[in-house]
Amino acid sequence: MLSNTAVADGGKRKSLHGHWSSKMAFILAVTGSAVGLGNVWKFPYVAGENGGGAFVLVYLACVILIGLPVMMSEILLGRRGRRNPVATMALLGEEEGSSRQWRWLGVLGVVAGILILSYYSVIAGWTLYYIVQSAGGAFQNATAADVGAVFDNFVGSWQAVLLCHTLFMALTVFVVARGVERGLEQAVRFMVPALLTLMVVLLGYAITSGSFAEGLAFMFTPDFSKLTWDSVLAAMGQAFFTLSIGMGAIMAYGAYLPEETSITGASGAVVTADTSIAILAGLVIFPLVFANGLNPGEGPGLVFQTLPLALGQMPAGAFFSTLFFVLLSFAAWTSALGLMEPAVAWLVEHHERTRAQAAVIIGGLIWFLGIGSVLSFNALSDFTFLNGTIFDNVDFLTSNVMLPLGGLIIAVFAGWIMCRNSSADELGGAGSLYKLWRVLTRYVAPVGILFVLLKAVGLLPDLS
Ligand code: PFF
């Protein structure tokens, strides 16, 4: 039976859920959570909507200056508390002489995970549909118009999208309920390298597409006149989303990390893998966009309207296209587990539910909330408020508000509330890397996040 009581062991706590078998197992699990639709689906379309180059530069700066230190902080808090994120923050708050109210950070994460998965599952459902279409040869030698028609017909039918969303949620609940993440951890071992390899092959195709230079220029020539505070916020939100940080998922994983594993090394490896896949996805997609006269600001359908074109024209196109969407579904699946974990762990530990019960309850709630996003692409596509459709609003609220807010609280806690000895202890001593982490965590990350958030909502005036 799971319990929220961590055991003291020579001054160090141990998680009762067990520990990762190796450093590699941890890196794989976190990479599995980080690499997902955010890299292949979201990064290119958000970069496209925000004008390319300057957005990409801000995104990379956010990943390195904010994402990396926040990820390290989140892992170290998780490992020190060794409980679910709500209980960990309450415990550490007390232990560091502050307050148990820090647990609200955990609550914020539970809610963010539920909301993100409600639309994430809808898009993951699209990838399931694309597996079937690919296997049936729908993209073989297809034109941009054919591929566009497949997309429009599918997404325009709420019944089809709802069916795929239901299927994906069922798959996720099944794995979470049975607690067989370890099986998926093995899948990550194969999936991430396979996805990378396939992206490199696609890159070869993109290079020969005739518009590679144009795609490259779009992604890497910054035009700062196009940069607004909204796009800076979008870049920061994307950094949080793609790294799975700011919502306690990585904290929950950190709780099972053995003492001797280097948090800095593991974080560096995950951030490198995640960023490489996103950049590769952009390098593949933008040349295809320009070669086929498509619009880079197309929105959420961008990847689904470009990649099948390239895949369909490769030799053995049906096979590669099926393989690609299978890999992408797996990537989405391993991310979905991370999104559900804080809510499930919390329900199990605080409300004495079995893991299976918790998975079904939380999964059912997420499925229901997801109906709003299902309908955002068809029946309710004209129902817009604030940032757009229901999907747009849930996405904005979670990626651009809740995750950065969670990251801000994590940085403030790890940098200011936690005493130096505690953080140095977790990060392997007070060397120069530690000092760099501390400066980034105490000053750069919190000030940067707060500044962008306030600027984007217009609460900070321009200085001119
Ligand atoms: N990082 C995932 C992606 O890029 O697709 C999304 C995600 C997973 C966000 C898990 C947050 C999380 F806890």
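The values are calculated or read from the model by the stated rules, or taken from the named source; none is laboratory data. Please read these numbers as outputs of a predicted model, since none were measured by experiment. Cβ placement follows ideal geometry from the backbone for every residue including glycine, while neighbour counts extend to all protein chains displayed. What goes into the accessible areas is simple: the full protein's heavy atoms, side chains included, and nothing from ligands, DNA or RNA. Shrake-Rupley method; radii C 1.70, N 1.55, O 1.52, S 1.80 Å.
Quick notes on this one:
- The test for being in contact (Cβ under 8 Å) with a residue 40 or more places away in the chain, part of a helix (DSSP H, G or I) and either open to solvent by 40 Å² or more (accessible area, probe 1.4 Å) or among the aliphatic types (A, V, I, L, M) (or both) holds for VAL86.
- So LEU365, is it within 16 Å of the ligand (Cβ to nearest atom) and surrounded by fewer than 23 Cβ atoms within 10 Å (Cβ to Cβ): no
- Residues that are more than 19 Å from ARG103 (Cβ to Cβ) and either in a helix (DSSP H, G or I) or touching a Ser or Thr at 6+ places or on another chain (Cβ under 9 Å) (or both), drawn from the stretch 416-429: ARG420, ASN421, SER423, ALA424, ASP425, GLU426, LEU427, GLY428
- Some residue of the stretch 307-314 being more than 16 Å from the ligand (Cβ to nearest atom), touching a residue at least 40 places away in the same chain (Cβ under 8 Å) and part of a loop (DSSP other than H, G, I, E, B): yes
- Filter pass, PHE385 being more than 23 Å from PRO85 (Cβ to Cβ) and more than 22 Å from the chain's Cα centre (by Cα): yes
- Test: residue in the stretch 99-120 that is at pLDDT 95 or above, surrounded by fewer than 23 Cβ atoms within 10 Å (Cβ to Cβ), within 16 Å of the ligand (Cβ to nearest atom) and under 12 Å from PHE240 (Cα atoms): no
- Residue in the stretch 380-391 that is open to solvent by less than 20 Å² (accessible area, probe 1.4 Å), under 18 Å from GLN159 (Cα atoms) and within 16 Å of the ligand (Cβ to nearest atom) present: yes
- When GLY363 is tested against (1) under 16 Å from PHE174 (Cα atoms); (2) of a type outside the set (Val, Ile, Thr); (3) in contact with a Lys or Arg (Cβ under 8 Å, 6 or more places away or on another chain), just one condition goes unmet, and that condition is (3).
- Test for VAL344: is it open to solvent by less than 10 Å² (accessible area, probe 1.4 Å), part of a helix (DSSP H, G or I), within 15 Å of the ligand (Cβ to nearest atom) and over 23 Å from ASP274 (Cβ atoms): yes
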